[in-house]
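Here, each number is a calculation from the coordinates, and none is a lab measurement. The structure presented is a predicted model; accordingly, all values stated were derived computationally and were not measured. We place every Cβ from the backbone using ideal geometry, glycine too, and count neighbours over all the protein chains shown.
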Amino acid sequence: MSDPTPTAPAPVTAEPNPPAPPAVTSTESGSQYEFNESQNQIINELAFAMMWVRFPLLVAGLFQAIIATGLAFRVSRDGAHIVGVLGHAMSAVICFMLSSWLLRAASEFTKVTTTSGRDITHMMRALKSLGAWFDLLAFFVKLYLALLGILIVLLLFGLMFGVFRESV
């Protein structure tokens, strides 16, 4: 049931320092949203974090390339090293690709905060690069899970049929 006595609405209090409304600039391609200072700070922090992640990816890619090169010299003595060469070379390429996409995305995020009139264009380019980054990462997570699933099936098969029992 409803309360017979009406209640007065709560008083509306104004924020002490409301953020400045975002600007909308007009360009040849139409008007674009312009981020304000607090939004730019968040975007800058993201760009900085992405650049930080890019550095270890470059180092990992460089180490993988060095290992692949070192193993390549051993292929003539032991052909089995070709698997290691291919694996490390592929890892190096993937690290370099991920690093490149992060650099592009971080660069576009930085342009959002340092230029005016094209914030949405730069934001969309940054998001496209991030999308490519996550697509590649998602592929390898799926590949890892598939290989893990195959391994579990093989282990269960071995346990069920006694492959792991000691022979007496």
³J(HN,Hα) across the range 61-73 via Karplus (A = 6.51, B = -1.76, C = 1.60, θ = phi - 60°), whole Hz, x for Gly/Pro? x, 5, 4, 5, 5, 5, 5, 4, 5, x, 5, 4, 6
Just subtract the alpha-carbon distance of MET90 and THR69 from 0.36 nm times their residue separation and send over the number in nm, one decimal. 6.4 nm
Take the alpha-carbon centre of the range 129-143, take the same for the range 54-78, and report the distance between them in whole Å. 22
Relative exposure of LYS142, LYS128, LYS111, judged by other C-beta atoms within 10 Å (fewest first): LYS142, LYS128, LYS111
Sort all Cα-Cα distances of the range 54-168 into consecutive 5 angstrom bins from zero, then give the percent of pairs in each bin up to the one containing the longest distance. 2, 11, 12, 12, 12, 12, 12, 9, 7, 4, 3, 2, 1, 1, 0, 0
Quick one: ILE43, ILE152, fewest Cβ neighbours within 10 Å first, how do they rank? ILE152, ILE43
